[in-house]
Structures are given as C-alpha cells and as structure tokens.
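One structure, pasted below without further comment.
The values are calculated or read from the model by the stated rules, or taken from the named source; none is laboratory data. Because the structure is predicted, anything quoted here is derived from the model rather than measured. Methodologically, a virtual Cβ is constructed for each residue, glycine included, from the backbone with ideal geometry; neighbour enumeration extends over all protein chains shown.
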Amino acid sequence: MPASLAFRQAGPFSNRKLRKNQDNYSVDTYIKLMIKQSKLSFKYKLIVGLGNPGDEYANTYHNAGLLFLSCLAPGTRFKRVLDFAYLKNGDLILVKPLTFMNESGRPVLQALKYFKLTPDKLLVAHDDSDIGIGNYKISLGRGSAGHNGVESIIKSLGNKDFGRLRLGIRGPEKNGKRLRAQEFVLKQISKKDKLLLEGLFQEVKVTLTE
C-alpha cells in the first residue's frame with residue numbers, strides 16, 4: 001500500500017491533528033509522530049544518492065541526491081565496488097551509483113546484494129521536480145512519477161518496496177509560467193537555491209543520524 005509523509009509544506013498531510021499543529025513541532029518530533037500515526041517503521045540501512053557522474057553535472061538540480069550524500073559525509077572518500085561506491089557512516093551505508101541516472105537500477109541491486117540487504121532497508125535520495133525547493137517527502141511503495149533513475153531501480157528490483165527521500169528542486173513560477181522539468185533539472189544550481197538545499201540537507205541529516 002503506497003504511503004507518503006510530507007514535511008515543510010511539501011504536500012497534504014494525512015493526519016488533521018498533526019497538520020493543524022505542525023508549526024509547534026520540531027522536524028524530528030513531527031517525523032516520529034507521523035511514523036507512529038501511520039504505523040510505518042523507517043529502519044533504513046542503505047542510503048543511495050542518485051545523480052549523474054562528471055563535473056558538468058556535479059552542481060545541477062538533478063544531482064540533489066548525490067549532493068545530499070556529500071552533506072552526510074563531507075570530504076570523505078568512498079570505496080569503489082563494481083558499479084557503485086560506498087561509505088559506512090555509523091549504522092548507515094551510503095552508496096553512490098557510478099552509472100548515469102537512467103542506469104541506477106544496476107548499481108543499486110549490486111549494493112543490496114553486496115551488503116545482503118533487502119529493498120525495505122533501502123532509502124533512495126533523489127531530486128523531485130514536483131516539490132518546491134527547500135521541501136521534501138519520504139515515500140514508500142509509489143511509482144516513479146517519470147523519474148528515470150527511480151524507474152530503473154523499480155525495474156531492477158522488481159518491486160517498489162523501498163523508501164524514497166524526494167528532495168524538492170522546483171522554483172517559483174516565472175511570469176506565470178510553470179517550467180517543465182526538462183527545462184531546468186540539468187542547469188547549475190543558483191546560489192540562492194543552493195542555500196535552500198543545504199539547509200534542507202541539514203534538517204534531513206538530523207532525522208537520519210540521531
């Protein structure tokens with residue numbers, strides 16, 4: 001059964017009482033309450049950050065997942081195995097696919113087999129052009145919604161039974177026009193948006209590491 005938790009005005013909340021009082025809770029407390037309400041357990045062991053390799057893509061909106069991993073382990077070198085690189089960070093295993101976004105499924109499947117983990121222990125961090133920048137959602141059991149990296153993972157695993165950390169990258173409309181994802185996901189992140197993403201990454205980091 002698909003489920004989704006929304007934070008920081010990312011979308012509709014599933015619980016009226018929590019929605020009404022959301023501003024009174026810290027992010028960490030709010031997450032714990034939402035988990036309790038929805039009877040979902042988030043015990044992720046392996047976090048994958050999606051993106052494209054190469055300097056030309058390093059600071060693009062599409063690489064939000066990889067940038068998030070850099071926030072979790074700044075300045076740390078990852079060890080390469082097959083088509084992915086990994087780093088053990090406390091109880092978490094951070095994984096960077098070394099393929100292009102559209103081929104993310106292969107390295108993710110390799111990593112799960114390498115560490116002998118099942119998909120329910122997997123959290124995939126990726127950009128989401130339907131969520132406003134600075135916001136995020138954690139989703140379970142949902143379709144790819146057109147995200148090629150996520151679609152590749154679903155096909156390789158043969159199911160959707162993994163968590164997704166959907167990092168918002170959409171900016172405000174310009175001149176009343178809503179840009180298509182293809183028009184901005186591969187553009188360099190602006191200084192203003194980079195600050196918003198860095199603040200978001202720090203918030204999520206707290207919820208995953210405490």
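So which residues in segment 55-82 are assigned to a strand (DSSP E or B) and in contact with a strand residue (DSSP E or B) (Cβ under 8 Å, 6 or more places away or on another chain), if there are any at all?
Within segment 55-82, 60, 79 meet the criteria.
Residues 111, 85, 125: which one is under 18 Å from residue 52 (Cα atoms) and either of a type in the set (Lys, Arg) or in a helix (DSSP H, G or I) (or both)?
Answer to the check: 111.
Got at least one residue in segment 112-120 being closer than 25 Å to residue 89 by Cβ, at pLDDT 95 or above and of a type in the set (A, V, I, L, M)?
Yes, segment 112-120 has at least one match.
Also, I was wondering about something else. State whether one or more residues within segment 136-143 are modelled with pLDDT under 95, buried (at least 20 other Cβ atoms within 10 Å of the Cβ) and among the aromatic types (Phe, Trp, Tyr).
yes
Right, here's the next one. Would you mind telling me which numbered condition in (1) in contact (Cβ under 8 Å) with a residue 60 or more places away in the chain; (2) closer than 24 Å to residue 86 by Cα residue 185 fails?
The single condition residue 185 does not satisfy is (2).
Taking segment 55-65, which residues are surrounded by fewer than 24 Cβ atoms within 10 Å (Cβ to Cβ) and within 13 Å of residue 97 (Cβ to Cβ)?
57, the sole residue that qualifies.
This table checks each residue for (1) touching a residue at least 24 places away in the same chain (Cβ under 8 Å); (2) among the hydrophobic types (A, V, I, L, M, F, W, C).
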{"site": "128", "(1), (2)": "yes, no"}
{"site": "135", "(1), (2)": "yes, no"}
{"site": "140", "(1), (2)": "yes, yes"}
{"site": "164", "(1), (2)": "yes, no"}
{"site": "174", "(1), (2)": "no, no"}
{"site": "177", "(1), (2)": "no, no"}
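Any idea which of (1) aliphatic (A, V, I, L, M); (2) outside any strand (DSSP E or B); (3) surrounded by 20 or more Cβ atoms within 10 Å (Cβ to Cβ) is the one residue 131 doesn't satisfy?
Result: residue 131 passes all but (2).
In segment 153-197, which residues are in contact with a helix residue (DSSP H, G or I) (Cβ under 7 Å, 6 or more places away or on another chain) and either small (Gly, Ala, Ser) or part of a helix (DSSP H, G or I) (or both)?
Hits for segment 153-197 are 153, 155, 156, 157, 171, 197.
Do we have any residue at all in segment 127-137 that's under 15 Å from the mean Cα position of the chain (by Cα) and aromatic (Phe, Trp, Tyr)?
Within segment 127-137, one or more residues are under 15 Å from the mean Cα position of the chain (by Cα) and aromatic (Phe, Trp, Tyr).
Within the bounds of segment 83-95, is there any residue that is loosely packed, with under 15 Cβ neighbours inside 10 Å, more than 17 Å from the chain's Cα centre (by Cα) and in contact (Cβ under 8 Å) with a residue 12 or more places away in the chain?
The answer is yes, given that some residue of segment 83-95 is loosely packed, with under 15 Cβ neighbours inside 10 Å, more than 17 Å from the chain's Cα centre (by Cα) and in contact (Cβ under 8 Å) with a residue 12 or more places away in the chain.
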